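**Q** If you scroll down you'll find the structure; I have some questions about it.
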Amino acid sequence: KCDLTGWWQNDLGSVMNVSAVNEDGSFSGEYHTAVSSGQKAIEPSPLVGSQHLDEDGQCTFGFTVNWRFSDSTAVFVGQCFAKDGGEEVLQTSWLLRDKVDSMPSDWKATR
């Protein structure tokens, strides 16, 4: 059974810490990214999210990260999988929205 609470690390070396998941599936924590295209120093950034509380434990979830060091926000969606032997793996996809100066620049704001 997957439990999102605790520390997670991705393939690029970014880590997140999820605080306890509430009875309704909501959670918060911090994301420590290892990558950035910005010029400012990277800082740990707050995250808030929610998970679907499935009985089989392989829950879907989503969370938002408000980057403290840039004018951008990221959203992640995914599912937790419990592999044989008890190892838990998060499979995620993400979107990043950068701030742009005008509506004509909107086309390049989301990655």
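**Q** List the lysines whose alpha-carbon lies under 20 Å from that of residue 40, not counting same-chain residues fewer than 8 positions away?
**A** 99
**Q** Pairs of Cα atoms under 8 Å, at least six residues apart: use those to get the relative contact order of the chain, whole percent.
**A** Relative contact order here is 17 percent.
**Q** Which residues' amide hydrogens lie under 5 Å from the amide hydrogen of residue 47, considering only partners 5 or more residues apart or on another chain, with H built in the peptide plane?
**A** Amide H neighbours of residue 47, under 5 Å, 5+ apart: 29, 30, 31.
**Q** Going Cα to Cα from residue 83, which lysines come in below 28 Å? Please leave out same-chain ones fewer than 8 positions away.
**A** Within the straight-line limit of under 28 Å, residue 83 reaches these lysines: 1.
**Q** Enumerate the calculated ³J(HN,Hα) couplings along segment 6-15 in order (Karplus 6.51 cos²θ - 1.76 cosθ + 1.60, θ = phi - 60°), each rounded to whole Hz, writing x wherever the residue is Gly or Pro.
**A** So the J values, rounded to whole Hz, are x, 9, 10, 10, 9, 5, 9, x, 6, 10.
**Q** Going by Cβ distance under 4.7 Å, what cysteines of the chain have no possible disulfide partner?
**A** Unpaired cysteines in the chain: 59.
**Q** Explain nothing, just compute: Karplus ³J(HN,Hα) = 6.51 cos²θ - 1.76 cosθ + 1.60, θ = phi - 60°, for every residue of segment 73-86 in order, whole Hz, x for Gly and Pro.
**A** Per-residue couplings from phi come out as 9, 10, 10, 10, 10, x, 9, 9, 10, 9, 7, 4, x, x Hz.
**Q** In square nanometres, what is the average projected area of the Cα convex hull of segment 6-108? Don't skip to the end; give the middle numbers.
**A** Numbers: hull surface 31.1 nm².
Dividing the Cα hull surface by four gives the mean projection, 7.8 nm².
**Q** Moving on to the next point. Among 70, 51, 82, which residue has its Cα furthest toward the positive end of the charge dipole of segment 38-89, with +1 on Lys/Arg Cβ and -1 on Asp/Glu Cβ?
**A** 70
**Q** For the chain, with all protein chains present and a 1.4 Å probe, just round the carbon and sulfur fraction of the accessible area to a whole percent.
**A** The C+S portion of the solvent-accessible surface of the chain is 50 percent.
The values are calculated or read from the model by the stated rules, or taken from the named source; none is laboratory data. This one's a predicted model, so the numbers in the text were calculated from it and none came from an experiment. Methodologically, a virtual Cβ is constructed for each residue, glycine included, from the backbone with ideal geometry; neighbour enumeration extends over all protein chains shown. With ligands, DNA and RNA removed, areas are computed over all heavy atoms of the protein, side chains included. Shrake-Rupley method; radii C 1.70, N 1.55, O 1.52, S 1.80 Å.
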